[in-house]
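Colleague: What follows is a single structure, and I will ask about it in a moment.
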Amino acid sequence: EKKEKTLGMIKPDGVEKLGQILDEIYKRGFLLTRLRMCCLDRNQAFRFYEEHRDKPFFNALIDYITSGPIIVFEIVNTNAVDNWREAIGPTDPSRARTVAPTSIRAQYGIDVTRNVVHGSDSAASAVRELEFFFPSSGPMLPNTSKGGNCTC
Ligand code: DAT
Ligand code: MG
């Protein structure tokens, strides 16, 4: 089957469980081909999550995702988008604990806001989200727009 790329993220409270979450990634056989730690400012977070701008949880989402450093990575795998979404589990960790108890959100998620990990939801989202953090043009300089939306 054809290799595909997706964007994965360990969210702020997941960074406190970094070793355990990386173990979950590697024991499922995912190959990480790029990785960086960064901080999103509010403008960057708005752009990353702009599809959710009108949702009632948007402010809580922006507060959370800007509350500390995150880790973003590119996964290359067969069916990477769907396989990574399956590995992370449903959005709400309490639901994940019922329907997907071995998923990463079921094991490490705290609540529907603090759900520890992100995965692109489609191949098109993956292209946009990878470009957001790992721009295909320009040097990988931190603290500049060419560094791919990382402020730390
Ligand atoms: P996912 O991250 O599973 O793709 P999403 O794209 O629907 O979920 O929402 C993006 C994030 O917004 C999600 O990871 C956590 C937050 N969120 C979603 N639904 C929420 C809700 N009902 N209450 C609070 N936060 C929510
Ligand atoms: Mg989503």
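The values are calculated or read from the model by the stated rules, or taken from the named source; none is laboratory data. This one's a predicted model, so the numbers in the text were calculated from it and none came from an experiment. All Cβ positions, even for glycine, are placed from backbone atoms using ideal geometry, and neighbour counts span all protein chains on display.
Colleague: Could you check ILE71 against (1) of a type outside the set (D, E, K, R); (2) in contact with a Leu (Cβ under 9 Å, 6 or more places away or on another chain); (3) surrounded by fewer than 16 Cβ atoms within 10 Å (Cβ to Cβ); (4) over 16 Å from LYS5 (Cα atoms) and say which number it fails?
Modeller: Of the numbered conditions (1) of a type outside the set (D, E, K, R); (2) in contact with a Leu (Cβ under 9 Å, 6 or more places away or on another chain); (3) surrounded by fewer than 16 Cβ atoms within 10 Å (Cβ to Cβ); (4) over 16 Å from LYS5 (Cα atoms), the odd one out for ILE71 is (3).
Colleague: Turning to a different aspect of this structure: Could you tell me which residue of the stretch 107-125 is farthest from ligand 2 (Cβ to nearest atom), considering only residues that are among the polar types (S, T, N, Q) and surrounded by fewer than 21 Cβ atoms within 10 Å (Cβ to Cβ)?
Modeller: Top of the filtered list is GLN107.
Colleague: Tell me which residues, restricted to the stretch 28-45, are buried (at least 16 other Cβ atoms within 10 Å of the Cβ) and within 16 Å of ligand 1 (Cβ to nearest atom).
Modeller: LEU40, GLN44, ALA45
Colleague: Here's something else I'd like to know. Could you check how many residues of the stretch 22-75 are away from ligand 2 (no atom under 16 Å from the Cβ), under 19 Å from GLY119 (Cβ atoms) and among the small types (Gly, Ala, Ser)?
Modeller: 1
Colleague: Then there's this: From the list ARG34, ARG28, ARG114, exactly one residue is farther than 18 Å from LYS17 by Cβ, in contact (Cβ under 8 Å) with a residue 12 or more places away in the chain and of a type outside the set (Gly, Ala, Ser). Which is it?
Modeller: ARG34
Colleague: Please name all residue pairs, on different chains or six or more residues apart, with Cβ atoms under 7 Å, provided the first residue is in the stretch 44-69 and is closer than 21 Å to CYS150 by Cβ and in contact (Cβ under 8 Å) with a residue 24 or more places away in the chain and the second residue is part of a loop (DSSP other than H, G, I, E, B) and near ligand 1 (Cβ under 10 Å from one of its atoms).
Modeller: Between residues of the stretch 44-69 that are closer than 21 Å to CYS150 by Cβ and in contact (Cβ under 8 Å) with a residue 24 or more places away in the chain and residues that are part of a loop (DSSP other than H, G, I, E, B) and near ligand 1 (Cβ under 10 Å from one of its atoms), the close pairs are LEU61/TYR49; LEU61/THR113; TYR64/THR113; TYR64/ARG114; ILE65/LYS11.
Colleague: Hey, ILE104 hits all of (1) surrounded by 15 or more Cβ atoms within 10 Å (Cβ to Cβ); (2) over 13 Å from the mean Cα position of the chain (by Cα) but one; which does it fall short on?
Modeller: (2)
Colleague: Conditions first: (1) under 16 Å from the mean Cα position of the chain (by Cα); (2) in contact (Cβ under 8 Å) with a residue 24 or more places away in the chain; (3) away from ligand 1 (no atom under 11 Å from the Cβ). ASP121 passes all but one, so which condition is the exception?
Modeller: (3)
Colleague: Taking the stretch 74-91 only, how many residues are out of contact with any Leu (no Cβ under 7 Å at 6 or more places or on another chain) and crowded, with 16+ Cβ neighbours inside 10 Å?
Modeller: So the answer is 10.
Colleague: Separate question: So which of ASN83, ASN79 is more than 14 Å from ligand 2 (Cβ to nearest atom), on the phi > 0 side of the Ramachandran plot and modelled with pLDDT of 95 or more?
Modeller: ASN79
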